[in-house]
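Read the structure below first, then the notes.
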Amino acid sequence: MRRSVLVLLGMSFVVASLAAGASAGSLARPSRRSVDPAGAGVEGLTILRIHAGFSAPTGSFSDNFNTGLGVGANIAYGVSRSVLLSAGVAYHNFNGDGFDGDATIVPVTFNVESILPSSSTVHPYIGGGFGFYNEERESNAIIVQPSESNTVSETNTGINFGAGIGARSGEKDVWAVGFRYHHIFEGDRFSDVDFITLQAAYGFFL
């Protein structure tokens, strides 16, 4: 089980990295407006971003929990004019569907994002990564193994990928809107968990 998890994580990171590299290659000789109005891209920039929006359970997770809210923050660094590496933390809350209980998920993730070519100042992007997801559920929620405590928690590995659009809103700040799919691998207490997020983000250069 542990070996298969590591293989899946490695594959997801390689796929995301290849996608980023392919996009970077396509931007090797673009017009000066293809990444941003100044033509400099994101290379060498450090960006602090905050984001908030909706978090929706999918698959079997949606049988017991409803759509909730999510917030988070991450810090990103431009390793080329079109590729960002980032690390972040977030908080997602899901209310119980038909019972008095909820679930919270706190992921710490490491991601790569590739900014795609665009003829305007608004740019699409794709990205993905992996991380550690802490899950906590009240004891009256449906779990794999019951517990005597009021809550049950566990940290498992997971992967994510998504896409969106973004642009600079000034000389020192950016905005973005995007969705992301998260998959958390099965642990000792919880089965696989899947959820998607739709969030808006604001960032500023450090």
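In nm, to one decimal, how far is the SER62 label point from the TYR77 one, both placed 7 Å along Cα→Cβ? Placing both labels 7 Å along Cα→Cβ, they lie 3.9 nm apart. For chymotrypsin sites (Phe, Trp or Tyr not before Pro), no site in region 147-188 is both called loop by DSSP and has at most 15 other Cβ atoms within 10 Å. Each label point was placed 7 Å from the Cα along the Cα-to-Cβ direction; for LEU69 and SER153 their separation is 2.1 nm.
For region 85-125, which chymotrypsin sites (Phe, Trp or Tyr not before Pro) are both in a DSSP coil and crowded by at most 15 other Cβ atoms within 10 Å? For chymotrypsin sites (Phe, Trp or Tyr not before Pro) across region 85-125 that sit outside H, G, I, E and B with at most 15 neighbouring Cβ atoms in 10 Å, the list reads PHE99.
You can think of it this way: the chain between ALA163 and GLU43 has 41.2 nm of extra reach, that is 0.36 nm per residue less the Cα-Cα gap.
Values in this text are rule-based calculations from the coordinates and carry no lab data. Note that the structure is predicted; figures quoted are calculated from it, not measured. As a convention, Cβ positions derive from the backbone with ideal geometry for all residues, glycine included, and neighbour counts pool all protein chains shown.
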